[in-house]
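For reference, the structure is listed below as structure tokens.
FYI, it's all coordinate maths here, none of it is from the lab. The structure displayed is predicted, hence computed values, not measured ones. Positions of Cβ are generated from backbone atoms using ideal geometry, with glycine treated the same way; all protein chains shown enter the neighbour counts.
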Amino acid sequence: MSLTYNEMMGQYKALRKTFDYMQSKRAAITAFVEAACLDTLIWLGCGSGYCLCQSGAMSANVRLGLSSTALAAGDLMLHPAMYQKLLAAQSMMIAPSRSGSTSEVLLAVEQAVQNQNVPILAITCVKDSPLAAKAGLTLELPWAFDKSVCQTRSVVNLYAANLLLVAYMAGDNGLVGEIQKMIEAGDDYIRQYEAPLKAMIQDGWSQVVILADGEMQGIAAEAALAMTEIAQLTGQYYHVLDVRHGPMVMIGKDTLSVVCLSAGGFEHQKKLVGELVARGSKVITYSDEALERIEGVRLAVTSGFPLSNGVCGIPFLFIAQALSYYKAVHQGNDPDYPEGLDPWIKL
């Protein structure tokens, strides 16, 4: 099997190590955050890392009530003056990065430290990275590193680490427990849905729309990016009901829609799914617990127990990873080394 397959299928083994490691660093993380006396959080990343930052920022906003912003590192690197007031606030920067070597991240962090003395908390999947040398505190998850160009195991481990950071800052042990429960159930979840997801690649779709809300918006954008990078198909992300506001015109028989459903407002979501089906879209739904069956849905995926919105992002991402991997193989593409991509960018 390919690197991508092995890394994707081994993500929960790595997540168990990440959870234990983060728990062992909880006191150090809390002390670092308290010393920063912050009133603003800035999340910084590139590519998949930026997607993670979007979810991290939203989690901090809704769970901490703390002003939190996600910045693309290349944007900050090119336009530091534009963000001077944001950086001048009592802020802390969180930078999740697989390699800790991406040039835009390093140069953007350098701007923040040299010009505004912003404290940096880095999370990497390697030890002793260039990013770690610039950070006040670095959390290192080498067991989560992906050797393949496109991230699967790395990105879900960084996502979980981000969510645990917010849980520690909020003192939310309930959220910590939810993450642990999903990690413990993860291997069974993968075994249950791998074959049904593999079967979906025969359904004749050539573009993918990912729909999710709340804290999942960043990880759902990463799910769309996985379809683009690994399967080399058009992958797009929208908020669930927002797909009606324009993007619906592009959805048809060649579209696979992956929709995250919730018990709250279910009737509105059910109606939307019906509209997607009526337009000919093949639909996969995800929910934490089983919901009422919706006519026309090809596959209903569920974790089998209640999870809050942010934690749902952990199992949700596997759906897109599995689809993109098997679609790439089916089309004769190399999922490990897509042509034209590098694992990280050096300027």
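Sorted into 5 angstrom bins from 0, the C-alpha pair distances of the stretch 1-83 split as 3, 12, 13, 17, 23, 15, 9, 6, 2, 0 percent.
Under a model in which nothing but the beta-carbon of Lys, Arg (+1) and Asp, Glu (-1) is charged, the stretch 153-195 shows a dipole of about 120 debye around its Cα centre.
Take the Cα of residue 239, step 7 Å toward its Cβ, do the same at residue 110, and the gap between the two points is 3.8 nm. Around the Cα centre of the chain, unit charges on the Cβ atoms of Lys, Arg, Asp and Glu (plus for the first two, minus for the last two) sum to a dipole of about 100 debye.
Note: the stretch 181-330, Cα convex hull, 97 Å³ per residue. Using the average count of surrounding beta-carbon atoms within 10 Å as a protection proxy, the listed peptides 334-342, 283-291 rank, highest first, as 283-291, 334-342. Over all other residues within a Cβ to Cβ distance under 12 Å of residue 76, the charged ones net out to -3, with Lys and Arg as +1 and Asp and Glu as -1. Dipole magnitude for the stretch 3-171: computed about the Cα centre from +1 point charges on Lys and Arg Cβ and -1 point charges on Asp and Glu Cβ, it is near 400 debye.
Ranking 257, 287, 304 by Cα position along the charge dipole of the stretch 181-330, where only Lys, Arg, Asp and Glu carry charges on their C-beta atoms, puts 257 farthest toward the positive end. Take each peptide in 239-251, 48-60, 179-191, count the other Cβ atoms within 10 Å of every residue, and average; sorted highest first, the result is 48-60, 179-191, 239-251. Which of these values of semi-axes √(5λ) of the Cα gyration tensor in Å was calculated from the structure shown: (1) 32, 21, 20; (2) 28, 26, 21; (3) 32, 25, 22? Here semi-axes √(5λ) of the Cα gyration tensor in Å agrees with entry (1). Here the label points at residue 291 and residue 84, each 7 Å from Cα along the C-beta direction, are separated by 4.7 nm in the simple model.
Net charge around residue 52, counting only other residues with Cβ within less than 13 Å of its Cβ (Lys, Arg = +1; Asp, Glu = -1)? With Lys, Arg at +1 and Asp, Glu at -1, the net is -1. Just to confirm a number: summing +1 for Lys and Arg and -1 for Asp and Glu over residues other than residue 7 whose beta-carbon lies under 10 angstrom from that of residue 7, what do you get? Taking every Cβ under 10 Å from that of residue 7, the sum is 0.
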